[in-house]
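Before I ask anything, here is the structure I am working with.
The values are calculated or read from the model by the stated rules, or taken from the named source; none is laboratory data. Computed from a predicted structure; not experimentally measured. Here Cβ is always computed from backbone atoms with ideal geometry, including for glycine, and neighbour counts include all displayed protein chains.
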Amino acid sequence: MDNKGASRRDFIKKSALGLIGGAAAGRNVHSRPRPEAVPDEPRIKDYRTLGRTGFRVSDLGTGDFEDPGPFRVLLDGGVNYIDTSEDYGQHGRMIGEAIQGRDRGSLFISSKLRADSSIRRIGKEGITKEGFIRRTLRVMEALQTDYLDCLMLSSPETREDLRCEGYHEAIKQLKKEGKVRFSGVTHHGSQWVFGEPKESMEKVLSAAAEDGRFDVMLLAYNFLKEDQSERVLDLCARENIGTTLMKTNPIRTYHFLKQWIDRTRTSRGQDLTEEEKNNAARFERKVENAQEFIKRHNLVGEKEIREASLKFCLSNPKVNTVCLTVLNHEQALDYLRLSGSRLEPREASLLAAYKADCGVLYCRHACGLCEPACPHHVPVNTIMRYDHYFASQGRERYAMASYAELRSRADVCEGCPGYCESACPYGLPVRALLCSAHQALSLGSNRP
């Protein structure tokens with residue numbers, strides 16, 4: 001097998017991760033990567049069976065990067081699960097270049113294809129059997145590999161979308177030809193960019209588990225988002241479906257919310273209605289709670305709680321691997337050191353305290369329960385995902401460019417009475433979070 005390359009999104013500059021601040025038959029699917037050992041550098045300590053695929057994957061996976069240097073550090077450290085997508089630009093080519101000279105059979109490479117014909121770059125022809133096959137071959141060409149371990153249906157909006165005939169017919173042919181080994185599905189919430197809000201992640205992925213044709217899932221899960229995701233993980237365990245996670249770090253910077261509050265007061269002053277004044281005061285108390293949390297737990301940065309968040313996911317026996325965004329060499333080594341670790345009692349207490357004091361600053365990924373209540377058709381889940389890329393992953397340009405393409409944005413939320421907040425089961429200041437996100441994501445805005 002030739003080992004070849006790949007690449008991804010254009011921009012992931014600095015980390016803004018602030019603590020509240022911020023093979024066909026015959027391949028050895030059980031083999032582990034064995035690059036030359038580097039003295040004193042951390043390595044993967046835990047490999048888990050990826051459901052019915054039988055492949056032993058590293059408990060930490062990756063795929064999202066700008067600089068291939070840290071990606072190579074992860075591969076050298078034993079990471080063997082690689083996530084990519086046709087939407088990730090030059091990412092495929094960069095991956096292919098990075099895996100040159102490595103044992104291709106020791107790596108599990110998964111890629112994702114959208115099945116929404118309303119997306120201009122895909123079009124109706126792209127979701128036919130022939131369209132899916134052409135798109136898959138383009139992904140493989142970019143990755144410079146002659147097969148994919150898993151091809152995933154990306155973000156189907158409804159349970160009906162899971163039945164996409166073109167995709168399943170393409171999978172049959174690609175498997176027969178040895179170009180794809182397994183089928184998967186991924187979901188991180190309704191897009192609601194075109195038309196009405198669709199079905200939740202839980203409904204779609206639960207139906208996928210019952211469908212029987214999907215071998216692997218990629219879903220959003222973290223210590224603040226347990227309910228819906230935990231039920232999906234239970235189904236995957238029952239059906240022996242491989243599980244991979246994303247959005248595992250729910251720590252959101254609070255200074256963007258504080259900036260929105262300050263800006264609202266200074267720009268509108270006496271023009272604020274009594275209701276808006278009360279809302280601003282209520283949101284400010286939530287920010288003050290976050291500041292008190294930092295002082296009370298003697299936290300000087302976000303690293304400790306970020307690592308506890310990851311350990312929370314690694315401690316779940318129903319989780320096979322966690323996909324991480326790695327921005328630099330130091331972060332790659334930090335993540336490798338966490339392989340095989342579990343959440344300690346003190347860390348569990350820290351997460352519980354964060355949830356109580358600061359959980360209201362995190363809009364749950366893939367929830368979408370408030371969206372039907374919005375008369376302006378604001379895609380809350382999508383906007384808050386872009387805000388997460390900006391504030392928690394440091395992918396500022398990508399987040400801002402994606403937000404700029406939306407038809408409905410959160411600028412209409414400023415004077416709204418907050419229908420979304422009334423519908424939120426978690427008591428979040430959704431309108432304030434959306435306004436804060438708009439301020440951060442709008443091109444040309446002043447950001448801290």
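Any chance you could count how many residues in the range 137-159 are under 23 Å from H187 (Cα atoms) and surrounded by fewer than 18 Cβ atoms within 10 Å (Cβ to Cβ)?
Matching residues across the range 137-159 total 4.
Checking the conditions here, which among D40, D64 is farther than 30 Å from S402 by Cβ and either buried (at least 17 other Cβ atoms within 10 Å of the Cβ) or charged (D, E, K, R) (or both)?
D40
Oh, and also: Would you confirm whether or not the range 193-214 contains a residue that is modelled with pLDDT under 95, outside any strand (DSSP E or B), touching a Phe, Trp or Tyr at 6+ places or on another chain (Cβ under 9 Å) and among the aromatic types (F, W, Y)?
no
Can you name the residue in the range 98-122 that is outside any loop (DSSP other than H, G, I, E, B) and touching a strand residue (DSSP E or B) at 6+ places or on another chain (Cβ under 7 Å) and is also modelled with the lowest pLDDT among such residues?
R114
Would you check which residues across the range 146-166 are at pLDDT 95 or above, within 20 Å of K203 (Cβ to Cβ) and hydroxyl-bearing (S, T, Y) and list them?
Correct list: empty.
Go over the candidates R385, R397 one by one and state the one that is assigned to a helix (DSSP H, G or I), surrounded by 18 or more Cβ atoms within 10 Å (Cβ to Cβ) and modelled with pLDDT under 85.
The conditions single out R385.
Related question: Name the residue that is surrounded by the most Cβ atoms within 10 Å (Cβ to Cβ), counting only residues in the range 407-418 that are modelled with pLDDT of 85 or more and farther than 20 Å from Y362 by Cβ.
The extreme case among them is R409.
Out of the residues in the range 313-336 that are buried (at least 16 other Cβ atoms within 10 Å of the Cβ) and part of a helix (DSSP H, G or I), state the one that is nearest to the chain's Cα centre (by Cα).
Residue satisfying both the conditions and the ranking: C313.
Any idea which of (1) within 20 Å of H168 (Cα to Cα); (2) in a strand (DSSP E or B); (3) at pLDDT below 90 is the one E125 doesn't satisfy?
(2)
Can you tell me which of A391, A353 is aliphatic (A, V, I, L, M) and surrounded by fewer than 24 Cβ atoms within 10 Å (Cβ to Cβ)?
Result of the check over A391, A353: A353.
Tell me the residue from G340, G368, G427 that is crowded, with 19+ Cβ neighbours inside 10 Å, on the phi > 0 side of the Ramachandran plot and outside any helix (DSSP H, G or I), please.
The conditions single out G368.
Report yes if some residue within the range 78-91 is surrounded by fewer than 24 Cβ atoms within 10 Å (Cβ to Cβ), part of a helix (DSSP H, G or I) and modelled with pLDDT of 95 or more; otherwise report no.
The answer is no; no qualifying residue exists.
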